[in-house]
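So the structure is just underneath, and the comments pick up after that.
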Amino acid sequence: MKFGNTLLTIAYAITAVNAGGINCNGSGLCSGNKGLLSTALGQLRGMDQGSTFSDGQHVTCAKSSITIGNPSLCIFYQKTGRQWSVGQTVNFVQGLLDHGCAACGSIPVDPGNNVNNGELTANMVTNARRHVEVGRAPEPVSKPEGASEILARSLGINCRGSSSCNVGGIANLPHGTLSDVRDAVAAGSDGSWGNGQQVACVALATGRLCAFYQNIGNRQFNKGQTVTFLEQLMDHGCRVCGSIPTDSGNNVDNGELTVNFVA
């Protein structure tokens, strides 16, 4: 299983965050590494979404451009007493980005918005070893109190996406919406799409707003199914970006259709 060595963070005080909710706190190097959290999210999306990690294990690390001390922004869990999948980690990191964090931060893993009950943390780490193969004995994956609430918040249909999703139109140009993407799919040719394939994109001043499937394995979904998923996202109240599970159970880790800005 892939995970990084558990090394001391540059500011160990982050492990004793005051009781409170989601925050963008971290070491003194965080302010000079804005943008690394988005890099880490991209790395997470490229990993096996079903891999699990325990407290203290580095899920992924994004290398800093600063050379002294060889620092990296690492993603890890603290005080949870449980295992978490990469797919769940993606949603927690997206929550930090949605909160306005650009590098470091912590987000509660349980309902109640208190990081002292368990948290996902992003912080600067020196000499991190990224993506090292290390074997370990299997650990039980337990469901905490309120697990259904966590799944509903973190893994179900949602309207999250990149920071561009909240940016208005530039120079009076249209912003682009889910409705535009839905119309592009409906007007396009029939077909079937697999994992990572872009079904349709709308070109905008802020980038391309695209619909694509993730975590679906070897399956494919056709035009009619895609239009239905997009309409369900719109019915959920999503206006620009979002993700919807492809399978029953409201868990995007089992497969999802995503609408987001891409390069």
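The values are calculated or read from the model by the stated rules, or taken from the named source; none is laboratory data. Small disclaimer: the values here were computed from a predicted structure and weren't measured. Methodologically, a virtual Cβ is constructed for each residue, glycine included, from the backbone with ideal geometry; neighbour enumeration extends over all protein chains shown.
Taking the range 84-101 as the range and being part of a loop (DSSP other than H, G, I, E, B) and modelled with pLDDT under 90 as the test, only GLY100 passes.
Among the residues of the range 179-187, at least one is among the β-branched types (Val, Ile, Thr), out of contact with any Ser or Thr (no Cβ under 7 Å at 6 or more places or on another chain), crowded, with 19+ Cβ neighbours inside 10 Å and farther than 19 Å from GLN49 by Cα. Evaluation of ALA11 against the conditions (1) in contact with a helix residue (DSSP H, G or I) (Cβ under 9 Å, 6 or more places away or on another chain); (2) modelled with pLDDT under 90; (3) over 13 Å from THR121 (Cα atoms) shows that the sole unmet condition is (3). Does the range 237-250 include one or more residues that are within 17 Å of LEU178 (Cβ to Cβ), of a type in the set (A, V, I, L, M) and buried (at least 20 other Cβ atoms within 10 Å of the Cβ)? Yes, there is a match, as at least one residue in the range 237-250 is within 17 Å of LEU178 (Cβ to Cβ), of a type in the set (A, V, I, L, M) and buried (at least 20 other Cβ atoms within 10 Å of the Cβ). Checking every residue in the range 235-249 against the condition of being farther than 24 Å from MET47 by Cα, at pLDDT 90 or above, in the same structural domain as SER192 (by TED's automatic domain parsing) and not in a loop (DSSP other than H, G, I, E, B) gives zero matches. Being within 12 Å of SER192 (Cα to Cα), without any contact (Cβ under 8 Å) to a residue 24 or more places away in the chain and among the polar types (S, T, N, Q) is the filter here; which residues of the range 213-247 pass it? Hit for the range 213-247 is GLN225, nothing else.
Taking only the range 83-104 into account, find how many residues are touching a Lys or Arg at 6+ places or on another chain (Cβ under 9 Å), surrounded by fewer than 19 Cβ atoms within 10 Å (Cβ to Cβ) and within 17 Å of PHE53 (Cα to Cα). Summing the residues that are touching a Lys or Arg at 6+ places or on another chain (Cβ under 9 Å), surrounded by fewer than 19 Cβ atoms within 10 Å (Cβ to Cβ) and within 17 Å of PHE53 (Cα to Cα) in the range 83-104 gives 0.
Does ARG45 meet the test of being of a type in the set (D, E, K, R), in contact (Cβ under 8 Å) with a residue 60 or more places away in the chain, surrounded by fewer than 21 Cβ atoms within 10 Å (Cβ to Cβ) and farther than 29 Å from ASN166 by Cβ? Considered against the rule, which asks whether it is of a type in the set (D, E, K, R), in contact (Cβ under 8 Å) with a residue 60 or more places away in the chain, surrounded by fewer than 21 Cβ atoms within 10 Å (Cβ to Cβ) and farther than 29 Å from ASN166 by Cβ, ARG45 comes out as no.
Only residues that are touching a strand residue (DSSP E or B) at 6+ places or on another chain (Cβ under 9 Å) and at negative phi were counted in the range 235-246, giving 8.
Conditions (1) outside the structural domain of ASN254 (by TED's automatic domain parsing); (2) among the aliphatic types (A, V, I, L, M); (3) in contact with a Cys (Cβ under 8 Å, 6 or more places away or on another chain); (4) outside any loop (DSSP other than H, G, I, E, B), marked per residue:
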{"site": "ASN25", "(1), (2), (3), (4)": "yes, no, yes, no"}
{"site": "SER31", "(1), (2), (3), (4)": "yes, no, no, yes"}
{"site": "LEU37", "(1), (2), (3), (4)": "yes, yes, yes, yes"}
{"site": "GLY42", "(1), (2), (3), (4)": "yes, no, no, yes"}
{"site": "MET47", "(1), (2), (3), (4)": "yes, yes, no, no"}
{"site": "GLY50", "(1), (2), (3), (4)": "yes, no, no, no"}
{"site": "CYS61", "(1), (2), (3), (4)": "yes, no, yes, yes"}
{"site": "LEU73", "(1), (2), (3), (4)": "yes, yes, yes, yes"}
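Reported count of residues in the range 102-125, each being farther than 21 Å from SER65 by Cβ, of a type in the set (A, V, I, L, M) and either in a loop (DSSP other than H, G, I, E, B) or touching a Pro at 6+ places or on another chain (Cβ under 6 Å) (or both), is 2.
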